[in-house]
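Notes follow once the structure below has been shown.
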Amino acid sequence: MAATPPPVENRSQPLPQVIVPIPPTVLNFFGDTFSKKFELLKAWESPLPLDQFLAAHAQSVQAMLCSSTGPRIVPEILRLLPSLRLVVTTSTGLNHIDLSECRRLGIAVADAGEVFSEDVADMAVGLLIDLLRKVSAADRYVRQGLWAAKGDYPLGSKLGGKQIGIVGLGSIGFLVAKRLEAFGCSILYNSRKRKDFVSYPFYTNICELAAKSDALIICCGLNEQTRHMINRGVLLALGKEGVIINIGRGPIIDEKDLVQCLVQGEIGGAGLDVFENEPSVPKELFDLDNVVLSPHSAVYTPESFKVLCDIMIGNLEAFFSDKPLLSPVMYE
Ligand SMILES: O=CC(=O)O
């Protein structure tokens, strides 16, 4: 019997169009999967500036796929997309999207949900252990041949028993807390609201939280309330032995204050995955062995990208077939 021929793709229906301002990293891995299901209007491949591209090609486009490293989705962009009804972002952070304007215009927003939470929580703990136990600094010492030349490297400090102040007890902050409890740390936190599902001490005042913490871990989102929430006063409260980890967004910490406190030895160290003006990193940090730097990569693992791809496609398919979104952003 002849083998059944493979199904012929029905191309009589045009694919739904999705505008993409810049290529989100997920497309590097799963671009083909998207292109089979949607016609991607790749603004970045056009010689036209984004606003002209949108005005010329995107008048009837209903959905956008964007990322936190692309252009900000602000009223000037939204004005050029009169038919837009959905913004899908590949990120957990939403600070690149003007949410109140989207709400005003009736545009739904879907995000990466909790896809990256475990990876980011792992990275927060990794940065903390690296900092306390001087893993990267000691690695450099060994590579430079200094172990043989100068003797043992200074000892690091124990993780177990530390008081950890978590700023932002959302899905990432909660996973960081669980991981660090398993290491024998005690957890304190600050969040927009007290969380009934935990018994950790809750601090409304961030300076008081810092003063009680050996390490402060920034896990919250960036918004007008959290921008520069960690300033010199908070860092001084954390103190000479205290360390800070940031896997949230760079501008949550006033970077000038942070650099000054680190250079002057007013805090014990920092583990930073995010910065105020990425990819630019203050040069003063390069010479400090009590600073661990990472290029905003806490969220990225190929395993998470696969799940992200499924969620992004699921959200777009749900939208185009009038079904509920998989990971809608709830407007407050
Ligand atoms: O930083 C990355 C994200 O917000 O997902």
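Any residue at all in the range 248-264 that's aliphatic (A, V, I, L, M) and either closer than 19 Å to residue 24 by Cα or in a loop (DSSP other than H, G, I, E, B) (or both)?
No; the residues of the range 248-264 include none that is aliphatic (A, V, I, L, M) and either closer than 19 Å to residue 24 by Cα or in a loop (DSSP other than H, G, I, E, B) (or both).
Can you tell me how many residues within the range 50-70 are open to solvent by 40 Å² or more (accessible area, probe 1.4 Å), away from the ligand (no atom under 14 Å from the Cβ) and not charged (D, E, K, R)?
Count: 8.
For the range 88-113, name all the residues that are more than 16 Å from the ligand (Cβ to nearest atom), among the small types (Gly, Ala, Ser) and either under 17 Å from the mean Cα position of the chain (by Cα) or crowded, with 16+ Cβ neighbours inside 10 Å (or both).
Of everything in the range 88-113, just one residue is more than 16 Å from the ligand (Cβ to nearest atom), among the small types (Gly, Ala, Ser) and either under 17 Å from the mean Cα position of the chain (by Cα) or crowded, with 16+ Cβ neighbours inside 10 Å (or both), namely 108.
So in the range 210-246, with the set limited to residues that are touching a strand residue (DSSP E or B) at 6+ places or on another chain (Cβ under 7 Å) and within 17 Å of residue 170 (Cα to Cα), which one is farthest from the ligand (Cβ to nearest atom)?
Residue satisfying both the conditions and the ranking: 216.
From the list 269, 233, pick out the single residue that is over 30 Å from residue 62 (Cα atoms), in the same structural domain as residue 204 (by TED's automatic domain parsing) and in contact (Cβ under 8 Å) with a residue 60 or more places away in the chain.
That would be 269, the only listed residue that is over 30 Å from residue 62 (Cα atoms), in the same structural domain as residue 204 (by TED's automatic domain parsing) and in contact (Cβ under 8 Å) with a residue 60 or more places away in the chain.
Examine the range 199-214 for a residue that is surrounded by fewer than 15 Cβ atoms within 10 Å (Cβ to Cβ) and within 22 Å of residue 113 (Cα to Cα), and state whether such a residue exists.
no
Go through the range 252-285 and count every residue that is of a type outside the set (A, V, I, L, M), within 13 Å of the ligand (Cβ to nearest atom) and crowded, with 20+ Cβ neighbours inside 10 Å.
2
Test residue 85 against the criterion of being out of contact with any Lys or Arg (no Cβ under 7 Å at 6 or more places or on another chain) and either more than 16 Å from the ligand (Cβ to nearest atom) or among the aliphatic types (A, V, I, L, M) (or both), and give yes or no.
Against the criterion (out of contact with any Lys or Arg (no Cβ under 7 Å at 6 or more places or on another chain) and either more than 16 Å from the ligand (Cβ to nearest atom) or among the aliphatic types (A, V, I, L, M) (or both)), residue 85 qualifies.
Just to be sure, is residue 271 assigned to a strand (DSSP E or B) and under 22 Å from the mean Cα position of the chain (by Cα)?
Judged against the criteria, residue 271 is a match.
Which residue pairs have Cβ atoms under 6 Å apart, sit 6 or more places apart or on different chains, and have a first residue in the range 294-305 that is open to solvent by 30 Å² or more (accessible area, probe 1.4 Å) and a second that is assigned to a loop (DSSP other than H, G, I, E, B) and more than 8 Å from the ligand (Cβ to nearest atom)?
Going by the 6 Å Cβ cut-off, the qualifying pairs are 296/273; 296/278.
All but one of (1) outside the structural domain of residue 66 (by TED's automatic domain parsing); (2) assigned to a helix (DSSP H, G or I); (3) open to solvent by less than 40 Å² (accessible area, probe 1.4 Å) hold for residue 313; state the number of the condition that does not hold.
(1)
The values are calculated or read from the model by the stated rules, or taken from the named source; none is laboratory data. A quick note: this is a predicted structure, and the numbers were derived from the prediction, not measured. Reconstructed Cβ throughout: ideal geometry from the backbone, glycine too, with neighbour counts over all protein chains shown. These accessible areas exclude ligands, DNA and RNA; they are computed on the full protein's heavy atoms, side chains included. Shrake-Rupley method; radii C 1.70, N 1.55, O 1.52, S 1.80 Å.
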